[in-house]
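Report on the following structure.
The values are calculated or read from the model by the stated rules, or taken from the named source; none is laboratory data. Values in this document were obtained by computation on a predicted structure and should not be read as measured data. All Cβ positions, glycine included, derive from the backbone under ideal geometry; neighbour counts span all protein chains shown. SASA here: full protein model, heavy atoms, side chains in, ligands and nucleic acids out. Shrake-Rupley method; radii C 1.70, N 1.55, O 1.52, S 1.80 Å.
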Amino acid sequence: MIYLLEDDDSIRDFVGYTLNSQGMEAAGFARPSAFWQAMERQLPELVLLDLMLPEEDGLSVLKKIRANAATSRLPVILLTAKGTEYDKVLGLDGGADDYVTKPFGIMELLSRIRALLRRTAPDSGEYRIGGLTVVPSKHIVQADGADVTLTQKEFELLCLLMRNPGIVFSREQLIEQVWGYAFTGETRTVDVHVRTLRQKLGPAGDLIATVRGYGYKLDENPGEES
């Protein structure tokens, strides 16, 4: 089930109709109050969220979604006429997974929805490398036996590297797979997240190796940087 919170009737009806015709069950809401009532009855797989809304703005709705333990990891794509870089960064920093600016092509929206659902699909595996253990389905990270608390993007970044030990990812590839290809920030965002991730992991952070001039990999036999 996909929820669409959008006060423009034509956009809401068109997107809802298209999603349902593509085999994606969808429900649309014009007001946050109706959206919250539906959330109490059933949680969706993904939320399409407009920023400019009656009753409360989309960023406020997003903040409440992320603050609730039951919905903190719920995939959210922002749909808005606000297209400045500041607005995009504000939405992404607020916890949105992707950002689509109106007017948008419906095929592009469908592609982004599918891509985000693939990225956030539950992973029942457990990964152990060196002193590092990650259990994606339970959101557990342990370094040398101690629990580690990570931000959502730090966690997604670590999971991607742990699932693909030895594979080198460019900064651009990491942005596409962790932040989504709509992210418009600089690639140094990856460097900042890797630095804080290493700090939080302590000695186990040495497993994340830098490939100079390119990107990063999970090194099962850490040594000097490449």
Residue within segment 98-117 that is part of a loop (DSSP other than H, G, I, E, B), out of contact with any Leu (no Cβ under 8 Å at 6 or more places or on another chain) and either modelled with pLDDT under 90 or open to solvent by less than 50 Å² (accessible area, probe 1.4 Å) (or both) present: yes
Criterion violated by residue 125 - all others in (1) over 16 Å from the mean Cα position of the chain (by Cα); (2) outside any loop (DSSP other than H, G, I, E, B); (3) among the small types (Gly, Ala, Ser) satisfied: (2)
Unique match (being open to solvent by 20 Å² or more (accessible area, probe 1.4 Å), at pLDDT 90 or above and farther than 22 Å from residue 97 by Cα) among 140, 208, 167: 167
Yes/no for residue 92 being under 28 Å from residue 57 (Cα atoms) and touching a Pro at 6+ places or on another chain (Cβ under 9 Å): no
Only listed residue being on the phi > 0 side of the Ramachandran plot and open to solvent by less than 40 Å² (accessible area, probe 1.4 Å), chosen from 180, 130, 213, 125: 180
One residue from 176, 186 being modelled with pLDDT under 95 and in a helix (DSSP H, G or I): 176
Check on residue 94, touching a helix residue (DSSP H, G or I) at 6+ places or on another chain (Cβ under 6 Å), open to solvent by 20 Å² or more (accessible area, probe 1.4 Å) and within 18 Å of residue 153 (Cβ to Cβ): yes
Set 31, 73, 12, 41: member being touching a Gly at 6+ places or on another chain (Cβ under 6 Å) and open to solvent by 10 Å² or more (accessible area, probe 1.4 Å): 12
